[in-house]
Amino acid sequence: MPDTLITTPSSAFLGKLRTIVGDKGMVEDAQARAFHETDWRGFTMGRAAAVVKPASVEEVSAVVALCSEHGVKIVPQGGVTGLVGAGVPVRDGDEIVLSLARLNRILDVNPTAYTMTVEAGVVLQTIQETAAAHDRYFPISLGAQGSCMIGGNLSTNAGGATVLHYGNTRAMVLGLEVVLPDGRVWDGLRALKKDNTGYDLKDLFVGAEGTLGVITKAVLKIFPRPKDVATAWLAVPAPKAALELLAGARIAADDNVTSCELVHELGLEGIIKHIPGTQRPLQGRHTWQILMEWSSTRPIPEDGESGMRARMEAYLAGCMEKGLVDDAVIAQNEAQARAFWHIRESHAEAGRHSDPACSFDISVAVEKIPAFIEACNAAAETAVPGIRPRPMGHMGDGNLHYNFSAPVGVKARAEFAPTVKVLDRIVHDMVARFDGSISAEHGIGSIKLLELEHYRSQTELDVMRAIKKALDPKGTMNPGKVIRVDPSEAVREGTLMR
Ligand SMILES: Cc1cc2nc3c(=O)[nH]c(=O)nc-3n(C[C@H](O)[C@H](O)[C@H](O)COP(=O)(O)OP(=O)(O)OC[C@H]3O[C@@H](n4cnc5c(N)ncnc54)[C@H](O)[C@@H]3O)c2cc1C
């Protein structure tokens, strides 16, 4: 029996935690703790009662069971690179952070079956490198790949640069092991492509942002490694041209367009200014630019003629004649391609150094992107004169990171904050008008919780609440994130600049 049902953990509870994870599993140094309490953009919303790093699924299970018994709330955590305030505490002192960082083993690589089994705390880049060492490929690729962990990628259903061809993280999963909110371990670590035995439980946990359980292991799909890759940086006259260019490219590349990223001149300007070693791929300034990649798993043909680069060159020459492309450069080697990608992946980092700005992670059906940009820019400029829209992102998936820089002269984040609220409504209402999504790939976390309630139908909210209540009846898993079971519960949101 629990000593008492508590909300703020007692010292007796903390002692029990230490017994489970040992001294090595308790993070006590103030600076180390601050890392776990602060989101990637540098905002702290709450304080943790404790930060623990269990070293095995047994320890995770024992910690979660203890918390359930005592009614103590848990924030599961990976690499703390999430962008919606989901992986950090939002309350003051009644949550513990449960970091998966020490569950970091690759358990199995099977190149014949094209699978890899990993623990949740393995860093994404390690998974990519391990696949490459076996002449295989793990396609999930994003700017935070050197520090985000697969458990975090799964829990946010991360997208990134290759969704157009391979799908998002959900599409990479064959099986999961999950510690349920009462501490039981669900072993769903099956490497099956086909399994129609009732509800697909693993899909509940993917994208749940730690609100339904703690993912501890995963069986992932891996793929043949692309060997013939062509990467181009293009200037296009308008988003409509980019759409036409992409539609044709899919045919010209035998449906091997692996990425199609939109870059806005204002965003590029910030990157060149703030990120050392970056330079413009093209001469001059172009409002709309595209980073496009084609990949084939066949080796580069000896004559080069039928290779991806030659085919891309021929296709782009035709597009220039039709006026779909104003200027273009195709990477001549891997280093140049890497440099293009470095620019693309530095958008979020550059944003940390720029004037006040805000960002919306939205999606609409891909063919609606040009009309959406036109309508959204017009509405924002009418409501906030001088606002500087710079939409960019995974255009090939219909996913834009709709960024706005504050009007020239606005230097303080606090001064810009009320405008962000105005833009929230403008952008999200526009998304609703275009039948889109207010979160394409980053999730809901704490900062979009009220927006989710505003835009999802009552039926959808009822179903989500029923799932949450069924799996987590005590409400201990990551409260204040994604969905409130009780709509009158206080919400801590809005302090994060998007
Ligand atoms: C520079 C940069 C670029 C990015 N680019 C992209 C991009 O292109 N596409 C994209 O989709 N996202 C992108 N992101 C955001 C993205 O969500 C994260 O990078 C990543 O998926 C989160 O992983 P993490 O390990 O850091 O998770 P955290 O931030 O630690 O946690 C994220 C969420 O997952 C939960 N969680 C973490 N681990 C577990 C677990 N084992 N079990 C249960 N719940 C868990 C947390 O509670 C939280 O709700 C980017 C972020 C940055 C900083």
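The values are calculated or read from the model by the stated rules, or taken from the named source; none is laboratory data. All figures in this text were calculated on a predicted structure; none of them were measured in a lab. When we count neighbours, we look across all protein chains shown, and the Cβ atoms used for this are built from the backbone with ideal geometry, even at glycine. Accessible surface areas use protein heavy atoms only, side chains included; no ligands, DNA or RNA. Shrake-Rupley method; radii C 1.70, N 1.55, O 1.52, S 1.80 Å.
Dipole of segment 228-348 computed with +1 at Lys/Arg Cβ and -1 at Asp/Glu Cβ about the Cα centre; of 319, 307, 268, farthest Cα towards the positive end is 268. For a distance above 24 Å, tell me the whole-number percent of Cα pairs in segment 383-498 that qualify. Of all Cα-Cα pairs in segment 383-498, 35 percent lie more than 24 Å apart.
Estimated at 0.36 nm per residue, the fully extended path between residue 38 and residue 413 surpasses their Cα-Cα distance by 133.2 nm.
Ligands, DNA and RNA excluded, the heavy atoms of residue 29 present near 90 Å² of accessible surface to a 1.4 Å solvent probe. Name the shape class, rounded, prolate or oblate, that the alpha-carbon gyration tensor gives for segment 11-99, where a ≥ b ≥ c are the square roots of its eigenvalues, rounded holds for a/c under 1.5, and otherwise prolate holds if a/b is larger than b/c and oblate otherwise. Prolate.
In sequence order, segment 47-61 has phi-based couplings of 10, 8, 6, 7, 10, 10, 10, x, 10, 8, 5, 4, 5, 4, 4 Hz under the Karplus curve 6.51 cos²θ - 1.76 cosθ + 1.60, θ = phi - 60°, and Gly or Pro positions carry x.
Provide the gained length on full extension for the span residue 365 to residue 457, in nm with one decimal, where the gain is 0.36 nm per separating residue minus the Cα-Cα distance. Could the numbers behind the result be given before it?
On the way: separation 92, 0.36 × 92 = 33.12 nm, distance 1.96 nm.
The residue 365-residue 457 span can extend by a further 31.2 nm.
Heavy-atom accessible area with a 1.4 Å probe sorts 402, 455, 199, 315, largest first, into 199, 455, 315, 402. Assuming charge only on the beta carbon of Lys and Arg (+1) and of Asp and Glu (-1), the dipole of segment 228-348 about its Cα centre is about 380 debye to the nearest 20. Each peptide in 167-176, 40-49 gets a packing score, the mean of other Cβ atoms within 10 Å over its residues, and the list from highest to lowest is 167-176, 40-49.
The long axis of helix 308-321 is offset from the longest Cα principal axis of the chain by roughly 60 degrees. Once divided by 2.2 N^0.38 Å, the Cα radius of gyration of segment 266-409 becomes 1.19.
Based on DSSP H segments of at least four residues, each scored -39500 (n - 2.57), the chain has a per-residue ellipticity at 222 nm of -10500 deg cm²/dmol. Along segment 182-191 the Karplus relation, 6.51 cos²θ - 1.76 cosθ + 1.60 evaluated at θ = phi - 60°, assigns HN-Hα couplings of 8, x, 5, 9, 8, 9, x, 7, 9, 9 Hz to successive residues, with x for each Gly and Pro.
Pairs spanning more than 23 Å between alpha-carbon atoms, out of 53/73; 24/217; 16/469; 421/448; 273/411: 16/469. For residue 162, the amide hydrogen comes within under 5 Å of the amide hydrogens of 141, counting only partners 5 or more places away or on other chains and with H modelled in the peptide plane.
For segment 228-348, the fraction of 1.4 Å probe accessible surface lying on carbon and sulfur atoms is 50 percent. Remark on residue 95: its backbone amide H falls under 5 Å from those of 49, a criterion applied only to residues 5 or more positions apart or on other chains, H modelled at 1.01 Å from N.
Could you put 163, 84 in order of accessible surface area, largest first, with the 1.4 Å probe and the full protein assembly present?
Largest to smallest exposure gives the sequence 163, 84.
Backbone geometry of segment 377-390 corresponds, through the Karplus equation with coefficients 6.51, -1.76 and 1.60 at θ = phi - 60°, to 3J(HN,Hα) couplings of 4, 4, 5, 5, 5, 5, 6, 10, x, x, 4, 10, x, 9 Hz, x marking Gly and Pro.
Between residue 12 and residue 282, the simple label model (points 7 Å from Cα in the Cβ direction) yields a spacing of 6.8 nm. In the chain, the longest principal axis of the Cα atoms and the axis of helix 239-252 are about 90 degrees apart.
In this structure the chain gives 42 Å² per residue of accessible area when probed at 1.4 Å with all protein chains present. Against the chain, whose longest principal axis comes from its Cα atoms, helix 265-274 is set at around 70 degrees.
Length gained on full extension, residue 225 to residue 298: 25.4 nm, using 0.36 nm per residue less the C-alpha separation. A cut-off of 5 Å between modelled amide H atoms, ignoring neighbours fewer than 5 places along the same chain, links residue 327 with 235. A Förster radius of 60 Å combined with the Cβ-Cβ distance from residue 383 to residue 58 puts the calculated FRET efficiency at roughly 0.65.
Pairwise Cα distances in segment 106-224 exceed 20 Å for 36 percent of all pairs. Spatially, segment 198-249 and segment 156-186 are offset by 12 Å when compared through their Cα centroids. Globularity index of the chain is 0.99 (Cα radius of gyration / 2.2 N^0.38 Å, N = number of residues).
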